[in-house]
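Encoded as structure tokens, here's the structure I'll be asking about.
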Amino acid sequence: MRRAILINIISLVFIAITITVAQSYDPVVRQNQNQQTQRQNPNSNPPVDVQNRNNPGDQQQGQDKDRQNPLDQSLQEPQREGESGSRENILLPPDPDIEFQDFVASSLGYRLPIFGQNLFRHVPTTFAPLDRVPVTPDYLIGPGDELLVRAWGAIDINYRAVVDRTGSIYLPKVGAIIVAGLRYDQLNDFLKTAIGRIFKNFELNVTMGQLRSIQVFVVGQVRRPGSYTVSSLSTLVNTLFASGGPSKRGSMRHIQLKRAGKDVTTFDLYDLMVRGDKSKDAQLLPGDVIYVPPVGQLAALAGSVNVPGIYELKDHDTMGDVIANAGGITTTAAGQHAILERINERNVRNAEEIPLTPEGLKSELHDGDVVRFLHISPKFENTITLRGNVALPGRYPWHDGMRVKDLIPSRDSLITAEYWKRQNRLSLDVDSESFQLREEREKGTISTSPYKLDSKEGIETVQTQASAQQSLDRKPQELQTGASRDENLTQQVGRTEAQKIKGEELKNEVKHLTAEINWEYAVIQRLNQEDLTTQLIPFNLGKSIAGDERQNITLKPGDVITIFSQNDMQVPIGQQNKFVRLEGEFRAAGVYQVEPGESLRHLIVRVGGLTPQAYIFGSEFTRESTRESQQQRLDQYISDLEKEVERNAGAQKSLSGEEALVERQAQEGQRRLLDKLHQLKTTGRIVLEINPTANDIEAFPDLVLEDGDRLFVPFRFAAVYVLGNKNEMIVARIVAPRVV
């Protein structure tokens, strides 16, 4: 028995010796022990020459001391970790929702946050370096504070003095001076008087160095309860942020600061978050306890309120008080009443309307209330909506006996702003080198104008109004084709001349500046209040504006009038307005408006016929619809050819040697061919069956014209060029027309 006891004693002694040796070789432990010894015995500092305090080594030693000092570690650690991420995000798990949040979600269909919880989601690092902020004048000096004493004149002092446990500091050649209990604003005069008993004719400056640390306790319903070592400048709010704030089950309105068993202050976080009031915040002293009690009564505000959420109630909080905490109701809230869902005597639930009047706002809210603030209805009272192809679409006030002509008094009301914009375009904008209007450039919008500037050469590409929208959906190769043609023009005549040519094209362009109005059909959309069905009332727009009583329909509140253009709804061919261009050997070449059902031959006769020099057999007739169809077929052919080339390239990957080289060269040739095909642009030309010897208008076919048609009749050539077998150019003058 004695032997076993002896063995146990020897084992304990061995363990103690091992721990002691390990601590003696641990630099961190030795460093902390040295710092603790220096703080307990500030007078045991190594002797320093008071005449020379600007030694760089001493300054470095003081900086190392600042870095090694463990004061306020609980606040400094989040700051260091904040450089790479938030400490709360790393260490703290998400706080689970409380039961009342689930209850509100089952009632509303969506979850509401607890008001104020987002304040502690990311603890700001601005609360961490409290030892670097200026010291307030009323700060009380205490044991552990470091004073930086500097004097010059009869005495040269640059000394760091730490207040010991007796409240004194030691100054070489001066002695011990009791400073504990002094305010910071009294410190300079006090030390100057104490040193002045020994030395005369000197100046003194005293500032605070490293501040003392204090230990406080944060308990209750907080995210990180426990003991905290914080700076002596810390307050209740600073430490509350360091602890992560109240949990979802903790109160935000009754946070208590206890000192020596007594309540010092009760802080309401709503005062800070809603009104910015921090007046009840208190500075901490050693041994203080911050207690967060469980959450009190809760009420939920949802719907058209500025800050929807779950709010903690104080005793006798009214509807107006909680709405004020939520930032008030929104601009689009229905301000007549709110819907209140209440639990009566923890038994049943009911709903009631609370008027948002002064009397209703004074009604008290109870624990578990859910208040829904409604939106205003989007309905317009006593209004008429005008939309479509009109100058000023929008909503207009309705009056008794109002008719269509009152809303559209004249045809000018149907001319859109886009028409005037396009009509006012004269030529290239000198400032921007673009045909885009100034207001459109400032807005930065993509214009659907039929005029688009090539970004490479600054050359205008003119499109027709019918293809303005289609140009946005055009394939990239088609856009490149248009750019290539402009680039070729630039290479032929130079950029300045090309720009001038394109500008002239725009100035002389005669086409539809906007969509034509459909005068035969417009519609009124009306809601039947009895069965809530939609009724359509069509009317003749032209007759209505002319004053036809049968078409000038009486309007009712809520009517929606839609005006269509001919692009919105296809109208009969006889009602369409068509422009045709006649160029070349016409007696009056130009752009003409085609009459309904007019043919090509009839139009030529109507404009005065041809000149004697007209070469009818060489006439060139193009049609826009044919050009688009040809371009689609060409694009499809090129696309199929590209797929075939890629398919052949994939099949030849297994070849090697000379065969692979031959196939590669063939594929390169095919790709060059595709590049040239991409540059092709269809013209939309239609071949007219005209006799080569024809010299009369009757030779033209009786072809019905379409909008955008173009007929070019060249003059009769006076010579013909023939290239012989020997590459010799022979020029033969023709006196009379003959067939070659």
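Being within 30 Å of LEU407 (Cα to Cα) and touching a strand residue (DSSP E or B) at 6+ places or on another chain (Cβ under 9 Å) narrows it down to one of ILE604, ILE545, ILE616, so name that one. Walk me through how you get there before you give the answer.
On the way: ILE604 fails: within 30 Å of LEU407 (Cα to Cα); ILE616 fails: within 30 Å of LEU407 (Cα to Cα).
The conditions single out ILE545.
Any residue at all in region 164-186 that is within 30 Å of ILE290 (Cα to Cα), touching a residue at least 40 places away in the same chain (Cβ under 8 Å), of a type in the set (Asp, Glu) and not in a loop (DSSP other than H, G, I, E, B)?
Yes, some residue in region 164-186 is within 30 Å of ILE290 (Cα to Cα), touching a residue at least 40 places away in the same chain (Cβ under 8 Å), of a type in the set (Asp, Glu) and not in a loop (DSSP other than H, G, I, E, B).
From LEU641, LEU677, grab the single residue that is outside any loop (DSSP other than H, G, I, E, B) and surrounded by 15 or more Cβ atoms within 10 Å (Cβ to Cβ).
Within the list LEU641, LEU677, the selection yields LEU677.
Just a yes or no: is a residue in region 602-623 assigned to a strand (DSSP E or B), surrounded by 14 or more Cβ atoms within 10 Å (Cβ to Cβ) and free of Cβ contacts under 8 Å to residues at least 40 places away in the same chain? If you could, list the steps in order and put the result at the bottom.
Filtering region 602-623 for residues assigned to a strand (DSSP E or B) gives 610, 614, 620-622.
Remaining after also requiring surrounded by 14 or more Cβ atoms within 10 Å (Cβ to Cβ): 610, 614, 620-622.
Still in the running and free of Cβ contacts under 8 Å to residues at least 40 places away in the same chain: none.
Taking every residue of region 602-623 in turn, none turns out to be assigned to a strand (DSSP E or B), surrounded by 14 or more Cβ atoms within 10 Å (Cβ to Cβ) and free of Cβ contacts under 8 Å to residues at least 40 places away in the same chain.
Sticking with this structure for a sec: Look at GLU381 and say whether it is surrounded by fewer than 16 Cβ atoms within 10 Å (Cβ to Cβ) and without any contact (Cβ under 8 Å) to a residue 60 or more places away in the chain. So that I can check it myself, show each step before the final result.
Working: surrounded by fewer than 16 Cβ atoms within 10 Å (Cβ to Cβ): yes; without any contact (Cβ under 8 Å) to a residue 60 or more places away in the chain: no.
So GLU381 does not fit the description; no.
Here is a list: ALA260, ALA194, ALA176. Which entry is over 57 Å from the mean Cα position of the chain (by Cα), open to solvent by 20 Å² or more (accessible area, probe 1.4 Å) and either small (Gly, Ala, Ser) or at pLDDT 95 or above (or both)?
On the way: ALA260 fails: over 57 Å from the mean Cα position of the chain (by Cα); ALA194 fails: open to solvent by 20 Å² or more (accessible area, probe 1.4 Å).
That would be ALA176, the only listed residue that is over 57 Å from the mean Cα position of the chain (by Cα), open to solvent by 20 Å² or more (accessible area, probe 1.4 Å) and either small (Gly, Ala, Ser) or at pLDDT 95 or above (or both).
Right, something else. Of the numbered conditions (1) surrounded by 15 or more Cβ atoms within 10 Å (Cβ to Cβ); (2) more than 30 Å from ASP412 (Cβ to Cβ), THR357 satisfies every one except a single condition; which is it?
(1)
Mind listing whichever residues of region 244-271 are in a helix (DSSP H, G or I) and closer than 18 Å to GLY220 by Cβ?
Let us first name the residues in region 244-271 that are in a helix (DSSP H, G or I), namely 269-271.
Matches in region 244-271: LEU269, TYR270.
From the list ASP640, ASP635, ASP709, which residue is more than 30 Å from LEU600 (Cβ to Cβ), modelled with pLDDT of 85 or more and out of contact with any Leu (no Cβ under 6 Å at 6 or more places or on another chain)? Spell out the reasoning first.
Values: ASP635 fails: more than 30 Å from LEU600 (Cβ to Cβ); ASP709 fails: more than 30 Å from LEU600 (Cβ to Cβ).
The match here is ASP640.
Now a separate question. Just the residues that are in a loop (DSSP other than H, G, I, E, B) and within 36 Å of the chain's Cα centre (by Cα), please, taken from region 272-294.
Of the residues in region 272-294, the ones in a loop (DSSP other than H, G, I, E, B) are 276-282, 284-288, 293.
Scanning region 272-294 gives GLY276, ASP277, LYS278.
Going through region 214-242 one residue at a time, which ones are crowded, with 22+ Cβ neighbours inside 10 Å and hydroxyl-bearing (Ser, Thr, Tyr)?
Correct list: TYR228, SER231, SER232, SER234, THR239.
What residue, among those in region 200-223 that are small (Gly, Ala, Ser) and assigned to a strand (DSSP E or B), is farthest from PRO294 (Cα to Cα)? Quick ask: steps written out before the conclusion?
Residues of region 200-223 small (Gly, Ala, Ser): 209, 213, 220.
Checking which are assigned to a strand (DSSP E or B) leaves us with 213, 220.
On the way: SER213: 29, GLY220: 7 Å.
Among those residues, the one meeting the criterion is SER213.
Tell me the residue from LYS405, LYS421 that is farther than 30 Å from LYS556 by Cβ and at pLDDT 50 or above, please. First the steps, then the outcome.
Values: LYS405 fails: farther than 30 Å from LYS556 by Cβ.
Exactly one of LYS405, LYS421 is farther than 30 Å from LYS556 by Cβ and at pLDDT 50 or above, namely LYS421.
Further, regarding this structure: Given the criterion modelled with pLDDT of 85 or more and either closer than 30 Å to ARG623 by Cα or touching a strand residue (DSSP E or B) at 6+ places or on another chain (Cβ under 9 Å) (or both), identify the matching residue among ILE686, ILE730. First the steps, then the outcome.
On the way: ILE730 fails: modelled with pLDDT of 85 or more.
So the residue among ILE686, ILE730 that is modelled with pLDDT of 85 or more and either closer than 30 Å to ARG623 by Cα or touching a strand residue (DSSP E or B) at 6+ places or on another chain (Cβ under 9 Å) (or both) is ILE686.
The values are calculated or read from the model by the stated rules, or taken from the named source; none is laboratory data. Treat the numbers as computed from the prediction; the structure is a model and nothing was measured. Glycine gets a Cβ as well: all are built from the backbone with ideal geometry, and neighbour counts include every protein chain shown. Only protein heavy atoms, including side chains, enter the accessible area calculation; ligands, DNA and RNA are left aside. Shrake-Rupley method; radii C 1.70, N 1.55, O 1.52, S 1.80 Å.
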